[in-house]
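The values are calculated or read from the model by the stated rules, or taken from the named source; none is laboratory data. Small disclaimer: the values here were computed from a predicted structure and weren't measured. In this analysis, Cβ positions are derived from the backbone assuming ideal geometry, glycine residues included, and neighbour counts consider all displayed protein chains. Accessible surface areas use protein heavy atoms only, side chains included; no ligands, DNA or RNA. Shrake-Rupley method; radii C 1.70, N 1.55, O 1.52, S 1.80 Å.
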Amino acid sequence: MKLLVFGSVNIDHVYQLPHFVREGETLASAAYHKNEGGKGTNQAIALAKAGMDVWFAGAIGQDGLFMRDYLKEFGINTEELRVLDVPTGHAVIQVNAKGENSIILYGGANQKITPSMISETLEHFSSSDCLLMQNEISCGKELLEAAAEKGVFIVLNPSPVSEQMLSWPLHLVDLFILNEVEGKDLTGEIEPERILDVLTERYPKARIVLTLGSQGSVYASGRERMTQHAFTVPTVDTTAAGDTFTGYFLSSLLKEKNVGHALFTASVASSITVTRHGAGRSIPGVEEVQAACDSKLG
């Protein structure tokens, strides 16, 4: 099996603030960091750190060539990462005193993905492979349809949910990994159980993983439900927590075929990530996660 992440590459500008900037307010930042980011990038790194062989497809500008080298650091195949004559995507991230974040996103090269790029990339993949995608690049609908036609196993992290995404053929998705906000945006429901009920009814072939922050996570497949509590740790920065969970859950699921173990491993991994600043570099490696899992089990 080959694992393809077709997603975003961003340059993150991170500002440490006492609170999120309010309307009309000018607020001094206590610290500034320039980090490598993008949901696609972070999730690819999480998968690679979890021990998977990862291919990455997407687009950067000349200003983002260092991001290609960054992905290669983790052993990720970047043959399908294109360099375009536009700026690389970037994000402005506010991190408050509680470690919570607020993000402004500029698409840049991420929004220049074309159907022909998708077709060229998918020529290298078959029905025995897996695709992980998000919603930070253009032509998401075309990517979903082309991957389904190939018969690959499709995993969607619907982030961010947009009006355009609501028109996608989401019935083609095999596995959704999403948080409460995304669940509400897709279903109009607030209660986690209702979100799961609506999604499983609407997309009966799909499996669902709903993350609930400090309340843990829930897996649903039809009427089946499985829960996993979150681990309480000192929180520094939640920026890559969800991406870590996604990468470690999917890796564990594909390798072990055990949902309970995958939920547990992903929860442990994300609890380590939030104790550190940054995005991809804050994600723990597989040996560290395994040691933490062993410690918690006994």
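Quick look at the numbers
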item: The range 163-231 - convex hull of the alpha-carbon atoms, volume per residue in Å³; result: 77
item: Alpha carbon convex hull of the range 149-188, projected area averaged over orientations, nm²; result: 3.0
item: Order of exposure, largest accessible area first, which applies to 126, 271 with probe 1.4 Å; result: 126, 271
item: Heavy atoms of residue 202 accessible to a 1.4 Å probe, total area in Å² rounded to 10; result: 110
item: Inter-site label distance for residue 290 and residue 124 at 7 Å from Cα along Cβ, in nm; result: 2.8
item: Loop-located GluC sites (Glu not before Pro) in the range 77-166 whose Cβ has at most 13 other Cβ within 10 Å (DSSP); result: 123, 163
item: Most mobile of 270, 282, 214 in a GNM of the chain (Cα contacts under 10 Å); result: 214
item: Solvent-accessible area per residue, Å², over the chain with all protein chains present [probe radius 1.4 Å]; result: 44
item: Gaussian network model of the chain, springs between alpha carbon atoms under 10 Å - residue of 71, 166, 132 with greatest fluctuation; result: 166
item: Residue 70 accessible area, assembled protein chains, probe 1.4 Å, Å²; result: 0
item: The chain - convex hull of alpha carbons, volume per residue in Å³; result: 130
item: Kirkwood hydrodynamic radius of the range 148-298, from inverse mean 1/r over distinct Cα pairs, in Å; result: 15.9
item: Neighbourhood charge, 13 Å Cβ-Cβ cut-off, centred on residue 192 and excluding it, Lys, Arg +1 and Asp, Glu -1; result: -3
item: Stretch gain in nm, segment residue 53-residue 85, where the contour uses 0.36 nm per residue and the Cα spacing is subtracted; result: 8.6 nm
item: Overall dimensions of the range 248-298 as given by Cα atoms, namely Rg and Dmax in Å; result: 10.8, 31
item: DSSP-defined beta bridges in the range 156-298 - what % are antiparallel, rounded to 5; result: 60
item: Violating pairs (Cα-Cα greater than 24 angstrom) within the set 49/98; 39/72; 2/141; 2/39; result: 49/98
